[in-house]
Amino acid sequence: MRMKRALFVPAVAAMLLGVAVSILTPGVRAQNPDEILPAASAAKAKALLQQTIEGLGGAAYLNVHNSDCSGRYAQFQHSGDVGGYIEIREYREMPDKERVEYGPKGNIINIYAGDKGWTLDRGGVSDVPATDMTEYEEQLKMQMGNLLRNRMNDDSLFFRYGGNDVVDLKEADWVEIGDREGRTLRIAIGHSDHLPIRSVLTERDAKTGEKSESSTYYTTYHLIDGIQTPFRVSRYLNERQTYQAFFERCSYNVDLPANFFTRDSLEQRFGQLQKKK
């Protein structure tokens, strides 16, 4: 009898423990993304993204007009190794303008403004190649900041909860955003602070049909003008690192010249450089 009881008690204990776990952790099974109905999955994804917006600064984040950040940019060799660092100053005007000045004197400048772009170098001002412009426009459509600020209510997008995970040693939830062209952006959102840890854009080349995956890592957040700003941003294309920036200073809603994101501004800058020579 004692032997039978010794075998029975552990079995009962195990059963009761399982029941207790199921009671204390309701909804654990419901968190499996494959078991959530599409409407509920979309609602959960949007709720997490709203928490992310609040974590990034809420109204301050949504209403930012422009940004001005400076720091260092890693230059990568063909082997993938870092070949050195160069000073950069990066300006953005929402939703689709970007100006990056390279070097301590800003003698090399790239500007993207909507569907136009220009480059300033030693030879003067030239148009950005059409292939680069196409790539910029395509990436902008699924750029995380653009999605959070301007496309949360876009009916052409679908939203899906991607499940729990540990991402870069942090507990996180994945959220997926897809469009009708087959692009999907996955964002890992931290449990504790609701800040983006990583974003992964998956898309297929329209001509070759090959799939590519671009990952961006966000770390070292600082609260600047009410907005949580990552001071270290790293990007990988198909697991090969292509970009790394270490920002040392950022500010928002700054005064910039009216023609700051135009070809004329680069022509004026080139004229100033020629005079100095």
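The values are calculated or read from the model by the stated rules, or taken from the named source; none is laboratory data. This is a predicted model, so every value here is computed, not measured. No Cβ is skipped: glycine too gets one built from the backbone with ideal geometry, and neighbour counts run over all protein chains shown. Ligands, DNA and RNA are excluded from the accessible area calculation, which covers all protein heavy atoms including side chains. Shrake-Rupley method; radii C 1.70, N 1.55, O 1.52, S 1.80 Å.
Take the residues in the stretch 32-51 that are outside any helix (DSSP H, G or I) and modelled with pLDDT of 90 or more, then tell me which one is most open to solvent (accessible area, probe 1.4 Å). Even if it seems obvious, please write down each step before you answer.
Taking the stretch 32-51 and keeping what is outside any helix (DSSP H, G or I), we get 32, 36-37.
Still in the running and modelled with pLDDT of 90 or more: 36-37.
Numbers: Ile36: 33, Leu37: 130 Å².
Checking each candidate, the answer is Leu37.
For the stretch 155-172, check the following and say yes or no: at least one residue is farther than 22 Å from His194 by Cβ and in contact (Cβ under 8 Å) with a residue 40 or more places away in the chain. It would help to see each step written out before you state the result.
Of the stretch 155-172, the ones farther than 22 Å from His194 by Cβ are 155-156.
Next, from what is left, pick out any that are in contact (Cβ under 8 Å) with a residue 40 or more places away in the chain: none.
Checking the stretch 155-172: not a single residue is farther than 22 Å from His194 by Cβ and in contact (Cβ under 8 Å) with a residue 40 or more places away in the chain.
If we keep just the residues of the stretch 209-219 that are open to solvent by 30 Å² or more (accessible area, probe 1.4 Å) and touching a Ser or Thr at 6+ places or on another chain (Cβ under 6 Å), which is farthest from Ser251 (Cα to Cα)?
Ranking the candidates gives Glu213 first.
Using the structure shown, decide if Asn146 is free of Cβ contacts under 8 Å to residues at least 60 places away in the same chain and either of a type outside the set (Phe, Trp, Tyr) or in a loop (DSSP other than H, G, I, E, B) (or both). Before the answer, list the steps.
Working: free of Cβ contacts under 8 Å to residues at least 60 places away in the same chain: yes; either of a type outside the set (Phe, Trp, Tyr) or in a loop (DSSP other than H, G, I, E, B) (or both): yes.
So Asn146 passes the test.
Please enumerate the residues belonging to the stretch 142-174 that are more than 19 Å from Ser67 (Cα to Cα) and within 14 Å of the chain's Cα centre (by Cα). First the steps, then the outcome.
Start the filter on the stretch 142-174 by keeping residues that are more than 19 Å from Ser67 (Cα to Cα), which leaves 142, 151-174.
Hits for the stretch 142-174 are Met142, Trp174.
Listed residues Arg5, Arg72, Arg29; which is at pLDDT 95 or above and open to solvent by 60 Å² or more (accessible area, probe 1.4 Å)?
Details: Arg5 fails: at pLDDT 95 or above; Arg29 fails: at pLDDT 95 or above.
Testing whether each residue is at pLDDT 95 or above and open to solvent by 60 Å² or more (accessible area, probe 1.4 Å) leaves just Arg72.
Please go through the stretch 75-99 and give me each residue that is open to solvent by 70 Å² or more (accessible area, probe 1.4 Å) and modelled with pLDDT under 90, ordered by number.
Listed by number, the residues that qualify are Gln75, Gln77, His78, Ser79, Asp81.
When the stretch 220-237 is examined, which residues are found to be open to solvent by 50 Å² or more (accessible area, probe 1.4 Å) and farther than 14 Å from Ile189 by Cβ?
Within the stretch 220-237, Thr220, His222, Leu223, Asp225, Arg232, Arg235, Tyr236, Leu237 meet the criteria.
Can you list the strands (runs of 3 or more DSSP E) found entirely within the stretch 159-208 that contain at least 1 residues being open to solvent by less than 10 Å² (accessible area, probe 1.4 Å) and modelled with pLDDT under 95?
Values: elements: 170-178, 184-190, 196-204.
No strands (runs of 3 or more DSSP E) qualify here.
Is it the case, given these coordinates, that Ile108 is among the hydrophobic types (A, V, I, L, M, F, W, C), open to solvent by 70 Å² or more (accessible area, probe 1.4 Å) and out of contact with any Pro (no Cβ under 8 Å at 6 or more places or on another chain)? First the steps, then the outcome.
Values: among the hydrophobic types (A, V, I, L, M, F, W, C): yes; open to solvent by 70 Å² or more (accessible area, probe 1.4 Å): yes; out of contact with any Pro (no Cβ under 8 Å at 6 or more places or on another chain): yes.
For Ile108, the condition - among the hydrophobic types (A, V, I, L, M, F, W, C), open to solvent by 70 Å² or more (accessible area, probe 1.4 Å) and out of contact with any Pro (no Cβ under 8 Å at 6 or more places or on another chain) - is met.
Could you check Ser126 against (1) touching a residue at least 12 places away in the same chain (Cβ under 8 Å); (2) farther than 16 Å from Thr242 by Cβ; (3) in a strand (DSSP E or B) and say which number it fails?
With (1) touching a residue at least 12 places away in the same chain (Cβ under 8 Å); (2) farther than 16 Å from Thr242 by Cβ; (3) in a strand (DSSP E or B) applied to Ser126, the lone miss is (1).
Tell me which of these Val128 doesn't satisfy, since it passes every other one: (1) open to solvent by 40 Å² or more (accessible area, probe 1.4 Å); (2) farther than 17 Å from Gln274 by Cα.
For Val128, the exception is condition (1).
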